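Presented below is the structure to which this report refers.
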Amino acid sequence: MTHDPDVAIIGAGAAGIAAARRLAGSGLSAVVLEALPRIGGRAWTRTAAGMPLDLGCGWLHSADRNPWTRRAEEAGFAVDRRTPAWRTQYHDLGFPPAEQQEADRAFTEWIRQLAAAPPASDTAAHALEPGGRWTSYLQAMSGFISGDELERVSARDFTAYDTASTGRNWRLPAGYGTLVTASLPAEAELHPATPVQAITLDGRCVALRTPAGTVRARAAILTVSTSVLTGGAMALPAALDPWREAAARLPLGCNEKLFLEIVGDSPFEPETHVLGDPHDATTGSYYIRPFGWPVIECFLGGAGARAMAASGPDAAFARAIDQLVNLFGATVRRCLRPLVASHWTNTATIGGAYSHALPGQADARAALALPFDGRLFFAGEATHATDFSTAHGAYASGLRAADEAIRELRTCAR
């Protein structure tokens, strides 16, 4: 390992890989330190039953302006531009058309209220219709979008994301995680399974203690999650307490994925979708046979994902199968086999899905993105003002932090 690089990048997820790409042509030396034995962070494509399944980010959100779309095309990855089947209910199972229309109107009105008449409390739940029939549905949507209940979501933060979104959502048959990990530049000095245990300020250097020794760099780019910044696994100097406090105001929500393999004949049609129970805030959202594959992707958010983290994947698989049986009939039980599941909440070096601002705390994103003393630079989806919770927001933040480090180090060299 190079123990005295110009820049140390902590984390090899989308932000860290973007920073490495920017630094590759800068003339500055860099090392990438990753706690996990793999790269990609919350972008992870895992092959199961011969299918590349995204356990983390799976959609190119705002795809028409998403830099990963351009990167995919440059690298020869196929991009599927079909409209997602979200917010449709196959054959209206368990969700009659009139109810679907009512639920959609409630969701649309809630979004409108957040933007046009935001609650003084900045609490997204305070824009709900009191005693509204579709509150559980809206809580489920909040779980999918923000990973938490509306009582813990900033209305201002949510609106910033919604306003910036283009509504274009595309996919990569090879996997989003495959694209992200393939984008680490070949010249990057990568050290997986090398967690940074402590950061200290040593003169004008940044000292990073790892199990493989101490790295002393002129600057460091931190791309770790807000859960890591606020946790105890990485000791930080007291001077970074304001950054810890900003990270605490941007907690990671809970989201998990389960994949069920479809075995034998079944009624499941390609590229369809069902919501397990629109009146249950913990419901799963089921994307059926993506790309025609014999698999069903179950997405859990908020309370549903926390239940999986607490009870384990076996209980979550059983509940998912039960929800599908309730919709499609008892005969489908024999067709469904648990295949693979995520565990983001219980992965210590990540600690959840993606960030949301607590009520009144949207400004924490800008605070977290500030550099410290020309030596420490912060990146990751939580530092982006509008594209948080996305891999493209993480990518943009990695480029920004790398540019900040390059400017500072070149200035100091004069």
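The values are calculated or read from the model by the stated rules, or taken from the named source; none is laboratory data. These figures come from a predicted structure and were not determined experimentally. Quick reminder, even Gly has a Cβ in these numbers, built from the backbone with ideal geometry, and neighbours come from all protein chains shown.
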Filter result for residue 70 (outside any loop (DSSP other than H, G, I, E, B) and not hydroxyl-bearing (Ser, Thr, Tyr)): yes
Looking only at region 144-167, and only at residues there that are part of a helix (DSSP H, G or I), touching a residue at least 60 places away in the same chain (Cβ under 8 Å) and of a type in the set (A, V, I, L, M, F, W, C), the one that is surrounded by the fewest Cβ atoms within 10 Å (Cβ to Cβ): 164
Any hit, region 4-14, residues being in the same structural domain as residue 406 (by TED's automatic domain parsing), surrounded by fewer than 22 Cβ atoms within 10 Å (Cβ to Cβ) and within 23 Å of the chain's Cα centre (by Cα): no
Positions within region 74-86 being outside any loop (DSSP other than H, G, I, E, B) and either over 24 Å from residue 180 (Cα atoms) or touching a residue at least 24 places away in the same chain (Cβ under 8 Å) (or both), in sequence order: 80
Residues within region 129-140 that are modelled with pLDDT of 95 or more and either in contact with a Leu (Cβ under 9 Å, 6 or more places away or on another chain) or in a loop (DSSP other than H, G, I, E, B) (or both), tallied: 7
Residue among 376, 368 that alone is touching a Ser or Thr at 6+ places or on another chain (Cβ under 7 Å) and in contact (Cβ under 8 Å) with a residue 60 or more places away in the chain: 368
Residue within region 170-177 that is touching a Gly at 6+ places or on another chain (Cβ under 6 Å) and either within 20 Å of residue 121 (Cα to Cα) or modelled with pLDDT of 95 or more (or both) present: yes
Qualifying residue in region 263-283 (condition: within 18 Å of the chain's Cα centre (by Cα) and not basic (Lys, Arg)): no
Hits in region 217-269 (condition: among the β-branched types (Val, Ile, Thr) and either under 22 Å from residue 147 (Cβ atoms) or buried (at least 23 other Cβ atoms within 10 Å of the Cβ) (or both)): 221, 223, 224, 226, 228, 230
Complete set of residues in region 303-361 that are more than 23 Å from the chain's Cα centre (by Cα) and among the β-branched types (Val, Ile, Thr): 321, 325, 331, 332
Looking only at region 313-337, and only at residues there that are free of Cβ contacts under 8 Å to residues at least 12 places away in the same chain and in contact with a strand residue (DSSP E or B) (Cβ under 9 Å, 6 or more places away or on another chain), the one that is surrounded by the fewest Cβ atoms within 10 Å (Cβ to Cβ): 318
Residue selected from region 272-302 under the condition in contact (Cβ under 8 Å) with a residue 40 or more places away in the chain and in contact with a Pro (Cβ under 7 Å, 6 or more places away or on another chain), by the criterion nearest to residue 55 (Cα to Cα): 297
Tally of residues being free of Cβ contacts under 8 Å to residues at least 60 places away in the same chain and part of a strand (DSSP E or B) across region 186-204: 3
Residues located in region 366-399, provided they are surrounded by fewer than 24 Cβ atoms within 10 Å (Cβ to Cβ), in a helix (DSSP H, G or I) and within 19 Å of the chain's Cα centre (by Cα): 366, 369, 392, 396, 399
Residue list for region 152-176, restricted to those being touching a Pro at 6+ places or on another chain (Cβ under 8 Å), on the phi < 0 side of the Ramachandran plot and not hydroxyl-bearing (Ser, Thr, Tyr): 152, 153, 155, 156, 169, 171, 173, 174
Qualifying residue in region 87-102 (condition: part of a loop (DSSP other than H, G, I, E, B) and within 22 Å of the chain's Cα centre (by Cα)): yes
Residues (of a type outside the set (Phe, Trp, Tyr) and in contact with a Gly (Cβ under 8 Å, 6 or more places away or on another chain)) located in region 139-158: 139, 140, 142, 143, 145, 146, 147, 148, 149, 154
